[in-house]
Amino acid sequence: MQQKKVAPVANYEFRLGSDEATPDRLARLINEYILGSGIGHTQIAGVGIGMPGFVDGRRGVNYSFLRNEEKNLAHYLMEKTGIPVFLDNDAGLIALAEFRFGTARGRKDSLVINLGWGIGLGMILGGERFKGHNGFAGEFSHLPLYSNNKLCSCGKSGCLETESSLLELLAKATAGVRQGRPTSLSKQLPSADVDWATRMVFVAANQGDKFAVELLSEAAYSIGRGVAILIHLLNPESIVLSGRGALAGKIWQAPIQQALNEHCIPRLAAGTIIQVSALGQDAELMGAAALVIENYDTITARVITNN
């Protein structure tokens, strides 16, 4: 892969779980983008899609979103677009991108944490992606670390993401602004654009805003508690902090390290390095492209069979 974009990135609002988020609408958006790119369908090897939820990439099904009773989602989209389609969990694709092109490149045992609206985990073990028996391994977000009675998106309570996801970070930032906390964010929050608002918190933290630093430090420390469990179980060579949250930079590292100092066996923690990805939000896009390339033999075999 030359890692060169042949058309600009486009953003579409597609709220998973809403009535308008349907497989048919997703297919229309894909076709709309391809038409606008000027690249013919026959020149495109495949479509890679990263999604949150319980994704079985082998079957092309997302059991959490966009269920299609008649056909699996990948096959349905392939019929609508005329292009081979491959699905995977978003955190898994971010791990694939880091392994092929990013911070985890050349490392056989790396755990890649997707700092996003949830807290995903992709695992590279023994130089290969580890997905577990049914492909669902890596639900780091749902480690039950708290007795806070906060309802999680999974339906349980006390999960890691209830204290440390970017959505929770924004909720706490908005609450602080409304309570009159001294902060440079006072004129910027709340905002309907959560992606923009998240970036503003990151900018404020890196400019030394005490409240923003406090929010990120609390989230990072909680994530560090979860990382301590991962290190005890898997003894990885590296932990990579990736996804949109990586845009905040090294501010994540010190609180995570503090949590490891307190909760991890020193001999185990000493062998693991904590790194922040340079790929940022491009990681999932790159991982989706890599997913297609990794399945290129399947595409080729399909073409030969059809001929």
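The values are calculated or read from the model by the stated rules, or taken from the named source; none is laboratory data. Keep in mind it's a predicted model, so treat the numbers as computed, not measured. Here the Cβ positions follow ideal geometry from the backbone for every residue, glycine too, while neighbour counts run over all protein chains shown. SASA here: full protein model, heavy atoms, side chains in, ligands and nucleic acids out. Shrake-Rupley method; radii C 1.70, N 1.55, O 1.52, S 1.80 Å.
Here are the numbers for the structure shown:
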read-out	value
Environment charge at Ala248 (Cβ cut-off 14 Å; Lys +1, Arg +1, Asp -1, Glu -1)	-1
Alpha carbon centroid spacing (whole Å) that separates the stretch 235-299 from the stretch 73-117	14 Å
Accessible-area composition of the chain, carbon plus sulfur, in percent [1.4 Å probe]	51 percent
Ellipsoid semi-axes in whole angstrom, largest first, where each is sqrt(5λ) of the Cα gyration tensor of the stretch 32-140	26, 18, 12
Å² per residue, accessible surface of the chain at 1.4 Å	52 Å²
Exposure of Ile265 as accessible area (Å², to 10), given a probe of 1.4 Å and all protein chains	90 Å²
Hydrodynamic radius by Kirkwood, which averages 1/r over all alpha carbon pairs of the stretch 1-82, in angstrom	13.9 Å
Potential lengthening between Ser157 and Thr22 on full extension [0.36 nm per residue; Cα-Cα distance subtracted]	45.8 nm
The stretch 1-40: chymotrypsin sites (Phe, Trp or Tyr not before Pro) falling in loop per DSSP and having at most 16 other Cβ within 10 Å	Tyr12, Phe14
For the chain, calculated [θ]222 nm from helices alone, where every DSSP H run of n ≥ 4 adds -39500 (n - 2.57)	-13000 deg cm²/dmol
Semi-axis lengths, Å, the chain, gyration tensor of Cα atoms, sqrt of 5 times eigenvalues	34, 23, 18
Counting all C-alpha pairs of the stretch 91-177, share separated by more than 18 Å (%)	50 percent
Centre separation in Å (Cα based) which lies between the stretch 181-195 and the stretch 1-63	31 Å
Tail weight of P(r) past 18 Å, computed on alpha-carbon pairs of the stretch 216-307, percent	56 percent
Contact order relative to length of the stretch 211-307, as percent, for alpha carbon pairs under 8 angstrom and 6 or more apart	35 percent
Largest to smallest accessible area among Phe130, Phe65 [probe 1.4 Å]	Phe130, Phe65
